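Have a look at the structure below before the remarks.
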Amino acid sequence: MLINFLKITFRSLLKNKVFVLINVMGLGIALACAIVAYLSWDFNNNFDARHVNANNIYRINFVRITNGLPVKNGSCPEPLAKAIAGSISGIDAVVRYYPVGGSFKVKDDLFRLNLAAVDANFLDVFTFPLLQGNKSALAGKGKIIISNKIKEKFFPDTDPVGQLVTYVMGDKRQEYIVGGVFEKMPLNSSFYFDALVNYDNIYDIFGWQENNWAEFNTTFVTLHSPHVFHEVEKELQQYVEIQNRAKEDYKVNNYYLDPFKGMALRAERDDLWNHWFHFSVPTPAVIAPIVMALLLVLLACFNFTNTSIAIANRRLKEIGIRKVLGSQRHQLVAQFLSENMLLALLGLIAGLLFAEFLVPAYNKMWPFLDITLDYLKNIRFFGFLLALLLFTGLVAGSYPAFYVSRFKPTQILRGTLNYGSTSIFTRTLLVFQFAISLVAIVSGIIFSLNANYQQDYDMGFSHQTGVYARVADEDGYNALKQALQQNPRVLAIAGARHNFTASWYTDPINYRGEELDVDLLDIGEDYLTATGATLLQGRNFVKDSQTDKENAVIVNEELVKTLGLAEPVGQRLMLRDTLAVYIVGVVKNIYLTGLWQPVKPLMLRYTGPENYRFLVAQTDSDNVHAVHDDMEAAWKKVFPDQLPDVGYMDNMLVEALEVNKNIKVMFVFLGIVATILSAIGLFSLVSLDVIKRMKEIGVRKVLGASVMHIIHIINKRYAMMLLIASVLGTVAGYYMAEMLLASIWTYYLPIGPGPFIGAVLVLVTIAAATVGGKVLKAATTNPAYTLRDE
Amino acid sequence: MLKIKELTKLYTTDEVETTALRNITIEIRDGEFVAIMGPSGCGKSTLLNILGLLDSPTAGEYYFGKEEVSGFSERQRAQLRKGAIGFVFQSFNLIDELTVFENVELPLLYLKVPASERQQKVKEMLERMNIRHRRNHFPQQLSGGQQQRVAIARAIIANPRLILADEPTGNLDSTNGEEVMKLLARLNEQGTTIIMVTHSPYDANYAHRIINLFDGKVVTGNSKEQFHV
């Protein structure tokens, strides 16, 4: 029986080659998207999964109350680790971690390298397999453990263990002996360091004093058992007071344990300050392919259902005969279901082939993603593929199987069966298909427009024409300035301790009893002019003015708005509860975090060249890359032993444009595939409808109907369906685009009616082009021909 | 063989109720060859479908052998049908995607006959029907007469006790038609009961008895033998 089924399956598939090809391809593309979605989700979901103890590691975080709202903080006072080790009984191990950064010199070459300082038990608590050397290397201050990637770069041909490397930070030099090599962690890890040294090195590197509660690190603990969790959290609170006494203007409300498992995902989702680790994959990069895959799989399934019902009418006779010969209905259902399963399997095979291209393409779009189509890597992937096969087979194949097996053989064989090609069900599916296509087209248009909108967004300063360098000190600033001053392409140069795109700090202020955390930057007197910021009220800092250095601040519009200042200039504010400052000027809002996050109240203070850590240079849009290169060249000349630390002032926006471009590409892809699939669905439905109505059309024509009238009566139904789909699609498209934009950005394109009108026009045009020929042909056919075979 | 008593069949749609058969009582004995005649729309095909267990009556009794089957579910009817009844249609109704051999084999598949036995039986049957040379052809590659021979082969492959033929010669020319009728007559001589719907008085001559239907009622029941109402 099975062989008989298979034979008939293959022969009927061969008879409907075009149908099979289209459906398999459509399903294949949809399933390839589902595979991409699954792999990204799986990648994200397995963040830090390699750590054997992951379930029992906790980070000590604290909560601060700012403006009456709790703010979570991922760091921890530096001395807390020593205080709790041994004194809280529920805690087993305490591990301190500090990402130091810096550069390394090997022989004469300088490399940038992410160095982290950790306690000696770090490698016992976290899982980093050592390829060479010994864990005990971390016990003393003089040794360093490097990743295999660094080993390949520094010591490609020699045994690294015992070799010397020199750590360079500013003008500091520190020599380390390589004590081991660990395997570099995958990208879906919270940690990203290239090398480890003993934690105590940080006292030398940063010149910290031990037991200073005003310094912060990251501290992890492991617990004796899960049951002591609450007890440990409670005991941690005894250190709130000692911390608050040490840093009175920065009060901790409470400590809490943040499980290491899921840490990266929560950090990405929630607002967490001082998270010195990788975040998990940004939500849009995980959600967008899932939404896309779901839409496309449904679309492909609907198409599959509709076309397979449409072509089943060619097989009605077979169904009738099988019933006459004694087939039970369940046997027919099984036959048609397994046929559709087979088609779904072909679709899956096509999907895996498409995925060979789609997976690397998607992987390349996002720098933080590392997904590959590796069948051997995990068994879950096979489970997913099997589930996908069953899902598509059942969703696409159930209705046709039950529908066609329902017919009575007497009706089929007598030819009196009213085969409803466009039942309410198939029409509903088509409406959904069009609505989905519309959602995709609308989103594609909106994201394209948003990309343009954000590119031209006023960031409050001339971000597109600025270049900066991070210098070590005043001498460094002066040397680099000297080297650039004669450059005709450089229009202005200024210095600052902080910089709009890269660095600032946060402190509390008090205005007549109202508390507020503000972002602060210390800048030189030329900084605002050189960066192209706009002073709206008041004045800039006066060069070398000691009063300005101590008591003057320039604030942004947001601060004025938050405090509700009618006359901001001249107002007195208390900084850190101890220092009275006066507002001398107001600048236009500056978007420090690009368009991702809301602009916060900002305060600029005046500093002299002795604190300069940044040099900024302004040029024009034609020369910005040349000036960047000039600055690098100047750096190499002035600081031959340091890696150039030079960047563009619009680096926040570059990332934004990248995200915009990626989402646009995805939705344009979705829009095209969705529209093609829907057009195919429409075409097969109209074809079938026309075949069914040939006699009616013939009779109408004999009775004197015009071609226009025939076109009208055939199209009426479809016009109605398109109308319903347009309403559904635009409403759903609006909410989806708005939701996606809002989940990614704080400042984005206000959505107007344009994209919706455009999308509906595109869809209607495509629909008209799809069915136009078919309908016209039906309407102009000679009725003598259609009525002859009665 | 089979007996129907006071059998009525109504077709109901939203607006109209059509009576296809009214209070029909017929008995057909083992080994009979019966022709059902009558004008279009008199209920011939409905009667044949009910007798063939493809459809169920609205009222009345139907004994297939000793069993009362009018209340059978679709599943039970399919079960009974597949061993006991063979069908021959005017338009042959062969499955286009299956070869001659596979079409004839189909009933044996539903009866779960083992493969080797199936091969043997189909081979013999095709031999008997003189279409063995066409075994690997598809229906559309055959002439009408050949197609109907395949259909008959399929109808009798499972040795049914009853063959129901719905205008078996309707789509055939006279030569092929006569050949098919001779085939049916020979099967009847070998003991198979045959009920045939026909328009052709010539074909009806092959039958032992003719039942005439008019407007869903039996009007005359006899041409060659006495028929009891």
**Count of residues meeting criterion [surrounded by 18 or more Cβ atoms within 10 Å (Cβ to Cβ) and more than 14 Å from A:Val638 (Cβ to Cβ)] in the stretch A:458-492** = 10
**Message:** I'd like the full set of residues that are farther than 20 Å from A:Leu413 by Cβ and either out of contact with any strand residue (DSSP E or B) (no Cβ under 8 Å at 6 or more places or on another chain) or within 13 Å of chain A (Cβ to nearest Cβ) (or both), limited to the stretch B:49-71.
**Reply:** B:Lys66, B:Glu67, B:Gly71
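Conditions (1) over 36 Å from the mean Cα position of the chain (by Cα); (2) under 30 Å from A:Leu516 (Cβ atoms); (3) in a strand (DSSP E or B), marked per residue:
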position: A:Ala214; (1), (2), (3): no, yes, no
position: A:Val221; (1), (2), (3): no, no, yes
position: A:Asp249; (1), (2), (3): no, yes, no
position: A:Tyr255; (1), (2), (3): no, yes, yes
position: A:Arg266; (1), (2), (3): no, yes, no
position: A:His278; (1), (2), (3): no, no, no
**Message:** Looking at the structure I just gave you, is A:Thr283 farther than 30 Å from A:Asp124 by Cβ and touching a residue at least 40 places away in the same chain (Cβ under 8 Å)?
**Reply:** yes
**Asked** For B:Ala207, are the conditions met, namely being part of a loop (DSSP other than H, G, I, E, B) and in contact (Cβ under 8 Å) with a residue 60 or more places away in the chain?
**Response** yes
**Prompt:** When A:Ser12 is evaluated against the numbered criteria (1) within 14 Å of chain B (Cβ to nearest Cβ); (2) surrounded by fewer than 19 Cβ atoms within 10 Å (Cβ to Cβ), which criterion, by number, is the only one it fails?
**Reply:** (2)
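Here is a yes/no grid of residues against (1) among the aliphatic types (A, V, I, L, M); (2) in contact with a helix residue (DSSP H, G or I) (Cβ under 7 Å, 6 or more places away or on another chain); (3) farther than 13 Å from A:Leu604 by Cβ:
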position: A:His498; (1), (2), (3): no, no, no
position: A:Thr501; (1), (2), (3): no, yes, yes
position: A:Asp519; (1), (2), (3): no, no, no
position: A:Asp522; (1), (2), (3): no, yes, no
position: A:Leu535; (1), (2), (3): yes, yes, no
position: A:Arg539; (1), (2), (3): no, no, no
position: A:Asp544; (1), (2), (3): no, no, yes
position: A:Val555; (1), (2), (3): yes, no, no
position: A:Leu559; (1), (2), (3): yes, no, no
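So, in the stretch B:72-84, exactly how many residues are modelled with pLDDT of 85 or more and either over 13 Å from A:Val324 (Cβ atoms) or facing chain A (nearest Cβ under 9 Å) (or both)?
1
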**Item:** Test: residue in the stretch B:134-141 that is surrounded by 14 or more Cβ atoms within 10 Å (Cβ to Cβ), touching a strand residue (DSSP E or B) at 6+ places or on another chain (Cβ under 7 Å), in contact (Cβ under 8 Å) with a residue 24 or more places away in the chain and closer than 20 Å to A:Lys317 by Cα
**Value:** no
**Request:** Hey, can you tell me all the residues within the stretch A:296-337 that are away from every other protein chain (no Cβ under 14 Å) and either within 21 Å of B:Asn49 (Cβ to Cβ) or polar (S, T, N, Q) (or both)?
**Result:** A:Asn303, A:Thr305, A:Asn306, A:Thr307, A:Ser308
**Asked** Looking at the stretch B:172-184, is at least one residue in contact (Cβ under 8 Å) with a residue 60 or more places away in the chain, in contact with a strand residue (DSSP E or B) (Cβ under 7 Å, 6 or more places away or on another chain), surrounded by fewer than 18 Cβ atoms within 10 Å (Cβ to Cβ) and away from chain A (no Cβ under 14 Å)?
**Response** no
**Item:** Candidate set: the stretch A:710-751, residues that are touching a helix residue (DSSP H, G or I) at 6+ places or on another chain (Cβ under 9 Å), not in a helix (DSSP H, G or I) and not aromatic (Phe, Trp, Tyr); chosen: the one surrounded by the most Cβ atoms within 10 Å (Cβ to Cβ)
**Value:** A:Leu749
**Request:** Go over the candidates A:Ala725, A:Ala732 one by one and state the one that is within 30 Å of A:Asp271 (Cα to Cα), at pLDDT 90 or above and among the hydrophobic types (A, V, I, L, M, F, W, C).
**Result:** A:Ala732
**Message:** Here is a check on your reading of the model: is B:Gly86 more than 23 Å from A:Ala312 (Cα to Cα), within 22 Å of the chain's Cα centre (by Cα), in a strand (DSSP E or B) and touching a residue at least 60 places away in the same chain (Cβ under 8 Å)?
**Reply:** yes
**Request:** For residues that are outside any loop (DSSP other than H, G, I, E, B) and either without any contact (Cβ under 8 Å) to a residue 24 or more places away in the chain or within 13 Å of the chain's Cα centre (by Cα) (or both), tally how many sit in the stretch B:149-167.
**Result:** 11
**Prompt:** Just a yes or no: is a residue in the stretch A:412-419 modelled with pLDDT under 90, away from chain B (no Cβ under 14 Å) and under 30 Å from B:Ser91 (Cα atoms)?
**Reply:** yes
**Prompt:** Is one or more of the residues making up the stretch A:223-232 of a type in the set (A, V, I, L, M) and not in a helix (DSSP H, G or I)?
**Reply:** yes
**Request:** Report yes if some residue within the stretch A:54-65 is within 30 Å of A:Leu295 (Cα to Cα), out of contact with any Ser or Thr (no Cβ under 7 Å at 6 or more places or on another chain) and at pLDDT below 90; otherwise report no.
**Result:** no
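Can you pull out the residues in the stretch A:649-673 that are among the β-branched types (Val, Ile, Thr) and closer than 28 Å to A:Val24 by Cβ?
A:Val665, A:Val668, A:Ile672, A:Val673
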**Complete:** Counted residues in the stretch B:89-137 being away from every other protein chain (no Cβ under 13 Å), hydrophobic (A, V, I, L, M, F, W, C) and part of a helix (DSSP H, G or I) come to 3
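The values are calculated or read from the model by the stated rules, or taken from the named source; none is laboratory data. What you are looking at is a predicted structure, and each value in this text was computed from that prediction instead of being measured. For neighbour counting, all protein chains shown are included, and Cβ atoms are generated from backbone atoms with ideal geometry for every residue, glycine included.
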